[in-house]
Amino acid sequence: MVENERLRQEMRRCEAELQELRTKPAGPCPGCEHSQESAQLRDKLSQLQLEMAESKGMLSELNLEVQQKTDRLAEVELRLKDCLAEKAQEEERLSRRLRDSHETIASLRAQSPPVKYVIKTVEVESSKTKQALSESQARNQHLQEQVAMQRQVLKEMEQQLQSSHQLTARLRAQIAMYESELERAHGQMLEEMQSLEEDKNRAIEEAFARAQVEMKAVHENLAGVRTNLLTLQPALRTLTNDYNGLKRQVRGFPLLLQEALRSVKAEIGQAIEEVNSNNQELLRKYRRELQLRKKCHNELVRLKGNIRVIARVRPVTKEDGEGPEATNAVTFDADDDSIIHLLHKGKPVSFELDKVFSPQASQQDVFQEVQALVTSCIDGFNVCIFAYGQTGAGKTYTMEGTAENPGINQRALQLLFSEVQEKASDWEYTITVSAAEIYNEVLRDLLGKEPQEKLEIRLCPDGSGQLYVPGLTEFQVQSVDDINKVWRREPLTTATLL
Ligand SMILES: Nc1ncnc2c1ncn2[C@@H]1O[C@H](COP(=O)(O)OP(=O)(O)OP(=O)(O)O)[C@@H](O)[C@H]1O
């Protein structure tokens, strides 16, 4: 118990030391290279504390166990003492009784000769004496029985004493075992305490050494920081001056901004004016260009005529017959491509036209001759190209052509859409398609739902002098493909029926 108390005191002292170490300012400066090491040490310390707490728990458990065992031992000792006292009393009592019995026997033995004598005498003397003798014999018998009984009791007492001795020996062995167990537990506890003490001391030493190293590093860092502070002070002064200067500038910034905004506004206004004047200039140039183009068109019309007649002679076919009569029916002037010679009823007749194409002329050659008119159409002039001739003369071939070799219509449309595409960024064009037939003085809508319905040609009410056909079906188209669909009466995806 004394040892336990001593250990407890030792433990309390260690805890106090630990607390003191914990409160010591050993924390590293932030960012110091030893901070990690210190954290590890702290972790280890807390681990050791945990272990110590566990050991303390174990120690208190052991203490409790020892206490319990000591109590039990004291109890057993008490019981043993009681047993011994009881046994001593019993022994005392038995020995007293034995002594009494011996004394009684001795006194009885001492008394027997006179009794015998008396008996002998009484035998002789009287029946009264005989009776006294038999009584004495009975008493003697009784006393002998008592002696035997006492002997039996004594034997039992001796057996009890022996068993008490055995119990005592057993209890002593148990006490010895408890004592050895106690001693072993005590030794174990001492060993654990020793190892804990060693661990604690080691941890404290290590922590102390680390703390010293960290303190040293902190001192060094502090010295470095002080030096830096000294060098930074002039820079700080410069920065403060700069900051003050900037503050002054910022205070004046709204005025500067207003001024800048005013000048920028003026510049923008000027730029807008310049752009406006440029626009005016461009508009003026455009109008001049338009005039020029009109003039060119007029010149074209003047030079080539408002109405131009072009002849195209197709190659000779089987239907035309064979031989020189067929091949020489039409001849050309090698020097003038506007002259054509014909044989009419065997007589040569010559005609002068705007242009004559021989059978060798390609579709492209023919289109080239009229393509300027397509451009005029985009510029806003009304243009009409139509083919005239007898059956089989080649009107369809020239105007429509074939899929592989298209004629004027397809090529004109291609050109029209490509020109419109080119000008799409500056101009917005709307192209519509309509088709009408005049046959025997009757006007019919070829794309309408009622092709047999008769239509009329009227003057535009806007006074422009233009003609129009009320109710004529019109399709808005975006491409040549759309126009071809209109011809084939296929539904349009992007075009609109007007
Ligand atoms: N320049 C040409 N080169 C080759 N073949 C041609 C040429 N012109 C016409 N033909 C051919 O002559 C034939 C008759 O031409 P096409 O059908 O164009 O005549 P058309 O004037 O339209 O006749 P219709 O008035 O009866 O419709 C066609 O087979 C066509 O291919």
Which listed residue is among the aliphatic types (A, V, I, L, M) and within 9 Å of the ligand (Cβ to nearest atom), from Val366, Val356: Val366
Selection count where residues are away from the ligand (no atom under 12 Å from the Cβ) and either touching an Asp or Glu at 6+ places or on another chain (Cβ under 8 Å) or closer than 18 Å to Pro359 by Cβ (or both), scope the stretch 375-390: 2
Single residue of the stretch 419-462 satisfying the filter (surrounded by 11 or more Cβ atoms within 10 Å (Cβ to Cβ) and polar (S, T, N, Q)) that is nearest to the chain's Cα centre (by Cα): Gln421
Enumeration of residues in the stretch 269-326 that are over 21 Å from Thr375 (Cα atoms) and touching a residue at least 24 places away in the same chain (Cβ under 8 Å): Ala311, Arg312, Val313, Arg314, Pro315, Val316, Thr317, Glu319
Residues of the stretch 462-473 satisfying the condition of being at pLDDT below 90 and part of a loop (DSSP other than H, G, I, E, B): Asp462, Gly463, Ser464, Gly465, Gln466
Flag if Val433 is more than 16 Å from the ligand (Cβ to nearest atom), in contact (Cβ under 8 Å) with a residue 12 or more places away in the chain and over 18 Å from Lys485 (Cα atoms): no
Which listed residue, of Ala311, Ala361, Ala393, is under 26 Å from Cys296 (Cβ atoms), of a type in the set (A, V, I, L, M) and within 10 Å of the ligand (Cβ to nearest atom): Ala361
Long-range neighbours under 6 Å by Cβ, at least six apart or interchain, first residue among the small types (Gly, Ala, Ser) within the stretch 34-62, second modelled with pLDDT under 80 and buried (at least 17 other Cβ atoms within 10 Å of the Cβ): Ser35/Pro28; Ser38/Pro28
Only one of Leu256, Leu300 that is more than 16 Å from the ligand (Cβ to nearest atom) and surrounded by fewer than 12 Cβ atoms within 10 Å (Cβ to Cβ): Leu256
Residue within the stretch 359-377 that is at pLDDT 90 or above and among the charged types (D, E, K, R) present: yes
Extreme residue, surrounded by the fewest Cβ atoms within 10 Å (Cβ to Cβ), among residues of the stretch 59-91 that are touching a Phe, Trp or Tyr at 6+ places or on another chain (Cβ under 9 Å) and of a type in the set (D, E, K, R): Arg72
Looking only at the stretch 474-498, and only at residues there that are at pLDDT 90 or above and in a strand (DSSP E or B), the one that is nearest to Ser418 (Cα to Cα): Val477
Pick from the stretch 397-418, criterion within 9 Å of the ligand (Cβ to nearest atom) and under 24 Å from Leu472 (Cα atoms), ranking: surrounded by the fewest Cβ atoms within 10 Å (Cβ to Cβ): Glu400
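Residues that are among the β-branched types (Val, Ile, Thr) and more than 60 Å from the chain's Cα centre (by Cα): does the stretch 399-414 have at least one?
Yes, the stretch 399-414 has at least one match.
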Pair list, Cβ < 6 Å and 6+ apart or interchain, from the stretch 204-222 residues that are farther than 21 Å from Gln47 by Cβ to residues that are at pLDDT below 90: Ala217/Cys32; Ala217/His34; Val218/Cys29; Asn221/Cys29
Any hit, the stretch 346-353, residues being of a type in the set (D, E, K, R) and away from the ligand (no atom under 15 Å from the Cβ): yes
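The values are calculated or read from the model by the stated rules, or taken from the named source; none is laboratory data. Everything quoted here is computed from the prediction, not taken from an experiment. In this analysis, Cβ positions are derived from the backbone assuming ideal geometry, glycine residues included, and neighbour counts consider all displayed protein chains.
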